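Heads up: the structure comes next, in structure tokens.
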2 protein chains.
Amino acid sequence: MSEGMHHAEYSSFSSQDREEVLQTLIDSYSALSTDQDNWICNLSNASSLLWHAYRSLNVNVNWTGFYVTNVEDKELILGPFQGKVACQLIAFGRGVCGAAAESQETQLVKDVNKFPGHIACDGETKSEIVVPIVNEQGKTLGVIDLDCLDYEGFGEVDKKYLEELSRLIVKTCKF
Amino acid sequence: MSEGMHHAEYSSFSSQDREEVLQTLIDSYSALSTDQDNWICNLSNASSLLWHAYRSLNVNVNWTGFYVTNVEDKELILGPFQGKVACQLIAFGRGVCGAAAESQETQLVKDVNKFPGHIACDGETKSEIVVPIVNEQGKTLGVIDLDCLDYEGFGEVDKKYLEELSRLIVKTCKF
């Protein structure tokens, strides 16, 4: 961090170019996780970066954050996030988050109402992207979850950068 | 939770009476932490409740969340929050959070610039309240931290209810 800069300034994104903003998010996460491997600390700041990055792009995100694999396997438990109060527990395989956790594949959902077994923490959510966080041993550590108030809030560009963020989280955090 | 209610609805506060809204916050936290003792899950939802409760009262909070005592004692590490990216580590005794952690007394700061050794995570913050979370053995587990963009954002009513929330967190969470 530059001398005299406040941490809050990481939440300022000035471009309107989606790839540029998401690359800045990746770079900011890298800087913030240097010498810091506490996953709670790192994912708390990551959820803030995600919120402010997408809001700066005028994407109507209403939830940006994380679920992590509970001590009891095959279940996700709520982690750090920005947005409204959320469901605490999600079984692997249930809803969009559970599907990503179980399949270990990114779920890009243009209309959540068309997703079989969608769990609505917020009835206003229209679209969602969930990216699994998988360690080198092939275990699902958790998921990155973003909700949007509009249909088709996310696309391939988001998938690319959020998967990059997911890999960075595995590298930088001790779970 | 009532049947058919979404979790996100806990973030809706309809009154303009400060005591009533803060009592609702306490009640909502109690409901959400029933049968759930994971501190990360519970404090993530608590930070959302705090954000939406104060925003509904038109208090310009710019940060609502938690620092917790690090495995290395005498140091706070960033926990779940809502708002802009924040400082990761704060030594006991440093700044408003560190003072609350060390003294185990609530710090009600009407003007952060007049607080000796104030740590600015966000240069725009004008006032702050920090409430220690202390377990029954007298150990500081962490702090509740709220920042406001206006001077004198918080007062005795906030101190009363946030200290109640702090006691509830000790009762409901395994750290």
- Note on the structure: Scanning region B:97-153 for residues that are of a type in the set (Ser, Thr, Tyr) and either without any contact (Cβ under 8 Å) to a residue 12 or more places away in the chain or outside any helix (DSSP H, G or I) (or both) gives B:Thr106, B:Thr125, B:Ser127, B:Thr140, B:Tyr151
- Message: Let me spell it out: the conditions are (1) part of a loop (DSSP other than H, G, I, E, B); (2) within 27 Å of A:Glu72 (Cβ to Cβ), and B:Gln16 meets all of them except one. Which number is the exception?
- Response: (2)
- Log entry, pairs with first residue in region B:68-83 being farther than 22 Å from A:Ala8 by Cα, second being of a type in the set (Asp, Glu) and at pLDDT 95 or above, beta carbons closer than 9 Å, six or more apart or on different chains, reads B:Lys74/B:Glu102
- Message: I need the full set of residues from region B:16-49 which are within 8 Å of chain A (Cβ to nearest Cβ) and under 12 Å from the mean Cα position of the chain (by Cα), in order please.
- Response: B:Ser44, B:Asn45, B:Ser48, B:Leu49
- Take region A:79-95 and flag every residue that is within 14 Å of chain B (Cβ to nearest Cβ) and either at positive phi or in a strand (DSSP E or B) (or both). A:Gly79, A:Pro80, A:Phe81, A:Gln82, A:Gly83, A:Leu89, A:Ile90, A:Gly95
- Message: Name the residue that is surrounded by the most Cβ atoms within 10 Å (Cβ to Cβ), counting only residues in region B:50-71 that are within 11 Å of chain A (Cβ to nearest Cβ) and assigned to a loop (DSSP other than H, G, I, E, B).
- Response: B:Asn70
- Using the structure shown, decide if B:Glu163 is within 26 Å of B:Glu72 (Cα to Cα), under 16 Å from the mean Cα position of the chain (by Cα) and of a type in the set (D, E, K, R). yes
- Do we find a residue being within 21 Å of A:Asn70 (Cα to Cα) and not aromatic (Phe, Trp, Tyr) anywhere in region B:4-22? yes
- Considering every residue within region B:96-119, establish whether at least one is more than 10 Å from chain A (Cβ to nearest Cβ), closer than 21 Å to A:Leu43 by Cα and either surrounded by fewer than 21 Cβ atoms within 10 Å (Cβ to Cβ) or touching a Phe, Trp or Tyr at 6+ places or on another chain (Cβ under 7 Å) (or both). yes
- Item | Scan of region B:1-13 for residues that are at the interface with another protein chain (Cβ under 10 Å from one of its Cβ atoms), outside any helix (DSSP H, G or I) and modelled with pLDDT of 85 or more, ordered by number | B:His6, B:Ser12
- Qualifying positions in region A:26-39 - of a type outside the set (Ser, Thr, Tyr) and either part of a loop (DSSP other than H, G, I, E, B) or surrounded by fewer than 23 Cβ atoms within 10 Å (Cβ to Cβ) (or both): A:Ile26, A:Asp27, A:Ala31, A:Asp35, A:Gln36, A:Asp37, A:Asn38
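The values are calculated or read from the model by the stated rules, or taken from the named source; none is laboratory data. Computed from a prediction, not measured in an experiment: that's the story for all the values here. Here Cβ is always computed from backbone atoms with ideal geometry, including for glycine, and neighbour counts include all displayed protein chains.
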